[in-house]
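> I'd like to ask some things about the structure below.
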Amino acid sequence: MSDPSPAPHRAGFACFVGRPNAGKSTLTNALVGTKVAITSNRPQTTRHTVRGIVHRPDAQLVLVDTPGLHKPRTLLGERLNDVVRTTWAEVDVIGFCLPADERTGPGDRFIAAELAQLKRTPKVAVVTKTDLVDSRTLAEQLLAVERLGRELGIEWAEIVPVSAKDGTQVTLLADLLAPMLPESPPLYPDGDLTDEPEQVMVAELIREAALEGVRDELPHSIAVVVEEMLPREDRPADRPLLDIHANVYIERPSQKGIVIGPGGKRLKEVGTRSRRHIEALLGTPVFLDLHVKVAKDWQRDPKQLRRLGF
């Protein structure tokens, strides 16, 4: 008897949705195996849809990490919500992230009601941050998620508890998502981990470092633009150096001192911390030149938003 033919290769797009700070970016990084999305325990950290690419022998899973859907208070907030809805309409499978350590609430119901309208796309409920709860709390949350789906007419393809932090069931989640993708050859070359331009990723790493320590004072007033990335001339081939010039924008002059810190100490820390991640990402030594500038009320101004890449 001849061998059964091998299962066809699958490739497609999956998208994690959930209210802000539900663990979507951390989960994306855990599945890809490296940092492609910035994380912070500040809600609303993600502003770009970052694609992380998971390579498997049987499938290629392209993860689209969207900003958290929320009730918008600014023009930036409205634009982020539009990004989310456009993305949902274009993916092959949706993972709805709900943290294990917080009861399902109005924010989850708001998103689930929107998901219920997407009839044809399979939906997987992903209960995140399971390392933070005991087994009884986890069981209660799994039942609550199942009930939420039933009440809103969503039939979950799967309900999966995971911990991106310690890796529990992350591989299982990829195993469950892969068969839901269409049959297709790989969409990206082997070895590619994201299709974000390097400049965007570098800006995001600087913004993550800038948010560290000023979360309460400036949660959303910070934007970063990389003005140029150029290899330093007259360096020997075995000792390259990349010069990166970037501007950190805030909304008001009074915020400048908070980001720079006494005697420039905070800005120096931001440079040191982000440079480590940038060098790991690009695989080359980096000289990072940071400047803090004011872009007045940029979150509400269409012209400024465009200039800052939104």
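> Do we find a residue being buried (at least 19 other Cβ atoms within 10 Å of the Cβ) and in a loop (DSSP other than H, G, I, E, B) anywhere in the stretch 284-296?
yes
> Here's something else I'd like to know. Using beta carbons and a limit of 8 Å, which pairs, at least six apart or on different chains, have the first residue in the stretch 105-134 and of a type in the set (Asp, Glu) and the second one surrounded by fewer than 18 Cβ atoms within 10 Å (Cβ to Cβ)?
Taking only residues 6 or more apart or on different chains, the pairs are Glu114/Arg85; Asp131/Lys165; Asp131/Asp166; Asp131/Thr168.
> Among the residues of the stretch 145-172 satisfying the criterion of being farther than 16 Å from Ala22 by Cα and among the hydrophobic types (A, V, I, L, M, F, W, C), which is surrounded by the most Cβ atoms within 10 Å (Cβ to Cβ)?
It comes out as Ile154.
> Filter the stretch 52-72 down to residues that are over 17 Å from the mean Cα position of the chain (by Cα) and either in a strand (DSSP E or B) or at pLDDT below 75 (or both), then give me how many there are.
Here the count works out to 5.
> When Glu155 is evaluated against the numbered criteria (1) in a loop (DSSP other than H, G, I, E, B); (2) at pLDDT below 85, which criterion, by number, is the only one it fails?
Only one criterion is unmet by Glu155, namely (2).
> Within the bounds of the stretch 70-82, is there any residue that is surrounded by fewer than 22 Cβ atoms within 10 Å (Cβ to Cβ) and within 26 Å of Val133 (Cβ to Cβ)?
yes
> Counting only residues that are loosely packed, with under 15 Cβ neighbours inside 10 Å and either touching a helix residue (DSSP H, G or I) at 6+ places or on another chain (Cβ under 6 Å) or small (Gly, Ala, Ser) (or both), how many does the stretch 123-143 have?
Residues that pass the stated criteria total 2.
> For the stretch 87-108, how many residues meet the condition of being over 24 Å from Leu176 (Cα atoms) and either loosely packed, with under 15 Cβ neighbours inside 10 Å or modelled with pLDDT of 90 or more (or both)?
The total comes to 4.
> Condition first: within 27 Å of Trp298 (Cβ to Cβ) and in contact with a Gly (Cβ under 9 Å, 6 or more places away or on another chain). Can you find one or more residues in the stretch 125-146 that meet it?
no
The values are calculated or read from the model by the stated rules, or taken from the named source; none is laboratory data. Quick caveat: nothing in here was measured; it's all calculated off a predicted structure. Virtual Cβ from ideal backbone geometry, glycine too; neighbours counted across all protein chains shown.
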